[in-house]
1. Taking 45 Å as R0, compute the FRET efficiency from the Cβ-Cβ separation of ALA292 and GLU177 and round it to 0.05.
2. Pull up all non-local amide H partners of ASN10: gap of 5 or more, or a different chain, and H-to-H distance under 5 Å with H placed in the peptide plane.
3. Report, ordered by chain and residue number, the lysines lying within cross-link reach of LYS78, taken as a straight Cα distance under 19 Å and ignoring same-chain residues fewer than 8 apart.
4. Can you give the % of DSSP beta bridges in the chain that are antiparallel, to the nearest 5?
5. Report ³J(HN,Hα) in whole Hz for each residue of the stretch 68-75, in order, from the Karplus equation J = 6.51 cos²θ - 1.76 cosθ + 1.60 where θ = phi - 60°; Gly and Pro get x.
6. For the pair GLN18 and ASP63, how long in nm is the line joining their label points, each one 7 Å along Cα→Cβ?
7. With everything on Cα atoms, drop me the angle between helix 96-107 and the longest principal axis of the chain, reported from 0 to 90° to the nearest 10.
8. With n ≥ 4 as the cut-off for DSSP H runs, can you work out [θ] at 222 nm for the chain, using -39500 (n - 2.57) per run divided by the number of residues, rounded to the nearest 500?
Amino acid sequence: MPKASVSGINLYYEDTGQGTPIVFVHEFAGETRSWDAQVRFFSRRYRTIAFNARGYPPSDVPDDPAAYSQQHAVDDIKGLMDALRIDRAHIVGLSMGGYATLHFGLQYPGRALSLVVAGCGYGSDAKNRDSFQQDADLAARRFDDDGMRKAAEFYSRGPTRVQFIDKDPKGWQEFFELLAAGSAKGHALTLRGVQKTRPSVFELGDRMAKLDVPTLVVTGDEDEPCLEPAIFMKRTIPTAGLVVMPKAGHTINLEDPDAFNRAVLDFLTAVDAGRWPRRNPASLASSAIFPAGMKK
């Protein structure tokens, strides 16, 4: 069982295929196997690395709450790449992993060939910020008090998961069983240390405006907490493109794996060919009809 030691924490990982590396970073309700549909697809032409975050066995589950934070999540990506002697990689993250991917690009742009930031934005709305943090605390207590399987029952049926249930009941059941097999302690600590305290996407505007790494933002059109943050990222990051997947919730890589894989492959192919440019400033004219700078 391969593990890499990163800042004193052992992280489990799976390394498949050959070629340019892609690092997959999972969501709160996922783990390495959540990326199986992507690993099977992309390992035919890329080297794919998927890993379990700290708090997700067989990676270590530290007892210290201070061991869980957005910064630790970012540094774990870098630490894993260092341990595997990977200088630069495409980074693909969903939800919690999308946040980590975005922050990785902001902090370590020289290590990222590209960024895929999917399902990113929970807790960003200022009007609902307090409510989100209260919900994170309450959910963490449910993981502590009820145990993993009971907590997974409610967490897997949230308003952005019902699309998956309706679309692919068997796939959702596999997702549920994978979640239910995790660590209640690890999930509770992650909720308190990472989910609850991470900054809003809207607070990162100044830094994102300077981001020069090719970026693909992906969201489901029924993933309400992530729609506005996705549009904000597209408008703010000068190298960003946006894919909105129709009739889709939060778990987009599992709900619609073929569409997700194709969108990401098209993006990576363009990046690898040097054909993913910055946004043309002329597209930001004040008029919807007249070219920028033209006298009316």
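1. Working: r = 54 Å, r/R0 = 1.19.
For R0 = 45 Å, the calculated efficiency reads 0.25.
2. Hits under the 5 Å cutoff: ASP60.
3. Here the lysines satisfying the reach criterion relative to LYS78 are LYS3.
4. 25
5. Listing the rounded values in order: 10, 6, 4, 5, 4, 4, 5, 5 Hz.
6. 4.6
7. Roughly 50 degrees between the two axes.
8. Values: 12 runs with 121 residues, N = 296.
Dividing the helical sum by the residues of the chain leaves -12000 deg cm²/dmol.
Every read-out reported here was derived from the displayed coordinates using simple, explicitly stated rules and does not represent laboratory data. As the structure is a computational prediction, the values presented were derived from the model and not from experiment. FYI the Cβ positions are ideal-geometry reconstructions off the backbone, even for glycines, and counts take in every protein chain you see.
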